[in-house]
Number of protein chains: 2
Amino acid sequence: MSFSPLLKISKLICILKNLALYLQVITHFYNSILMTDKQLKILQVALELFAKNGYSSTSTGKIAKQAGVSEGLIFRHFGNKEGLLEAVLQLGEEKIKSLFAEIVFETEPKEVIKKVLELGLKMIENKEDADFWKLQYKIKWEVERYNEQKMEPVEHALNQAFLKLGYKSPELEAKLLLITFDGIATRYFLQENFNLEGIVEFLHTKYLT
Amino acid sequence: MSFSPLLKISKLICILKNLALYLQVITHFYNSILMTDKQLKILQVALELFAKNGYSSTSTGKIAKQAGVSEGLIFRHFGNKEGLLEAVLQLGEEKIKSLFAEIVFETEPKEVIKKVLELGLKMIENKEDADFWKLQYKIKWEVERYNEQKMEPVEHALNQAFLKLGYKSPELEAKLLLITFDGIATRYFLQENFNLEGIVEFLHTKYLT
DNA sequence: TTGTTTTTAGTGATTACTTACTTACTATTA
DNA sequence: TAATAGTAAGTAAGTAATCACTAAAAACAA
């Protein structure tokens, strides 16, 4: 037996974490099935308007009007405006997690980096996905909280990848790439005519050739 | 004469731009002297609250109260709430420009990169500076406009530096570094316990050794 | 006095949220 | 099976508080 018990335990924890991840995805899938049409419509409109105009600039009245629903219904289902925001954020969370799963389970180091770079392009493939990511960043700045935990498995995978590729400071390289990712997102959502593909391609040649 | 006339004109334009830059700094310096105590106090408090709670979540009433001033005075001096925001943004602009001047006039390529990296640390040396930068990013997300122009001279300087150092794609390298800068700012302002010095030091070793 | 700065006391519009009520469906009981 | 009881979904019309903003008077300085 060449594995240390400590290593085995950490592997086990990792597997359990991923299991929990999938469980949450499934639970949430069923939750969204159990929802009423109007409930879902409220969430969709809220996501759209929060992402477009921000949380505090979007009134519950406007959401209700655009969703074709009475304003009171929002408070019946989500308690208050903040509860609605939480529901919107949680509804999209499994989208992140399923995207991350691909990266976390990848073992080939270059493939990990490649998939992280591709994530940047994937996250804006359709409008609802783009709205969701935009909201994530917008909310971060509006309420000032950065959820590091969500990115932790990706950072770990990148860390391992850079380690295998013989980088001198794999932890810092992983951190830097994810920080750059935030910068790219900032530019993509805020700067007109930002050349997303160009920068992603450049990172490709920097890291993968 | 080895310089092409086109090159000389572009040099001239560059010098004129920098002259205009300094002129604006001086004008603004005098503007701030001509201001009333209460006027300045309003701007200081507005900066603080906009940076802390965002533009639309900060009411003119709260600003007036914290500044120890009547609410009407804000509208006398700045017209409306948006005028106040513009004044706040402009008041801090020369701070950026004076920081940029150091970089733009530097000719030694490695020194340019070094100064860009140091800019990240300088911008949070005192609370008011940090508030200003935080506001810049917050406002960007709230109104969704990214002022590329402001960064253009820095990008140009970086471009020249990377060119001199023999990088394959100097333009993209310059762009990438500034994008990374945005990512670092995002993390610094939003992520608790973010190790700013660590990342800046890592970039130092990546680019300057 | 004269002109500027500042405050007081408002304005209508909008905010998040509540109330009282109806409708539609489901489970239980006779 | 049919009548009844209970629950969740949904609405219209409000609430007090807060919003950006204004007009007129008051305090102040030259």
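Label-to-label distances across copies for A:Gln149, with labels 7 Å out along Cα→Cβ, in nm, shortest first?
4.4
Viscosity 0.890 mPa s, temperature 25 °C: what is the translational diffusion coefficient of region B:45-145 from Stokes-Einstein with a Kirkwood Rh over Cα pairs, rounded to a whole number of µm²/s?
Result for D is 164 µm²/s.
Treating the beta-carbon of each Lys and Arg as +1 and of each Asp and Glu as -1, no other charges, what is the dipole magnitude of region A:35-208 about its Cα centre, to the nearest 20 debye? If you can, show how the numbers build up before the last one.
Numbers: 24 positive and 27 negative charges, 75 e Å.
Value, rounded to 20: 360 debye.
In region A:35-208, if the dipole is taken from +1 on Lys/Arg beta carbons and -1 on Asp/Glu beta carbons about the Cα centre, which of A:Met151, A:Asn195, A:Tyr137 is farthest to the positive end?
The Cα lying farthest towards the positive end belongs to A:Tyr137.
Using a ≥ b ≥ c from the Cα gyration tensor of region B:104-155 (square roots of the eigenvalues), is it rounded, prolate or oblate, where a/c under 1.5 gives rounded and otherwise the larger of a/b and b/c decides, a/b for prolate? It would help to have the intermediate numbers written out before the result.
On the way: a/c = 3.47, a/b = 1.49, b/c = 2.33.
It is oblate, given that a/c is not under 1.5 and a/b is not larger than b/c.
How large is the accessible surface per residue of region B:5-208, computed with a 1.4 Å probe and reported in Å² as a whole number? Spell out each step's value before the answer.
Numbers: 10620 Å² over 204 residues.
Value for region B:5-208: 52 Å² per residue.
Measure out, as a whole number of angstrom, how far apart the alpha-carbon centroids of region A:35-53 and region A:146-209 sit.
Centre-to-centre (Cα) distance: 31 Å.
Could you tell me the accessible area of B:Asp129 in Å² (1.4 Å probe, neighbours in place), rounded to the nearest ten?
30
I need the inter-copy label distances for B:Asn195: point set 7 Å along Cα to C-beta, values in nm with one decimal, smallest first.
Distances between equivalent label points, in nm: 3.5.
Which chain A residue comes nearest the axis with its C-beta when you rotate A onto B, and by how many angstrom?
A:Gly183, 2
Defining the label point at 7 Å along Cα→Cβ, can you sort the distances from B:Met35 to the same site in each other copy, shortest first, in nm?
4.6
What's the extension gain from A:Glu197 to A:Met35 if we count 0.36 nm per residue and subtract their Cα-Cα distance?
On the way: separation 162, 0.36 × 162 = 58.32 nm, distance 3.75 nm.
Between A:Glu197 and A:Met35, full extension yields 54.6 nm more.
Could you compute the FRET efficiency for B:Tyr167 and A:Leu16, with r as their C-beta to C-beta distance and R0 at 45 Å, rounded to 0.05?
Numbers: r = 45 Å, r/R0 = 1.00.
Once the sixth-power term is evaluated, E becomes 0.50.
The values are calculated or read from the model by the stated rules, or taken from the named source; none is laboratory data. This one's a predicted model, so the numbers in the text were calculated from it and none came from an experiment. No Cβ is skipped: glycine too gets one built from the backbone with ideal geometry, and neighbour counts run over all protein chains shown. Just the protein is used for accessible areas: all its heavy atoms, side chains included, with ligands, DNA and RNA removed. Shrake-Rupley method; radii C 1.70, N 1.55, O 1.52, S 1.80 Å.
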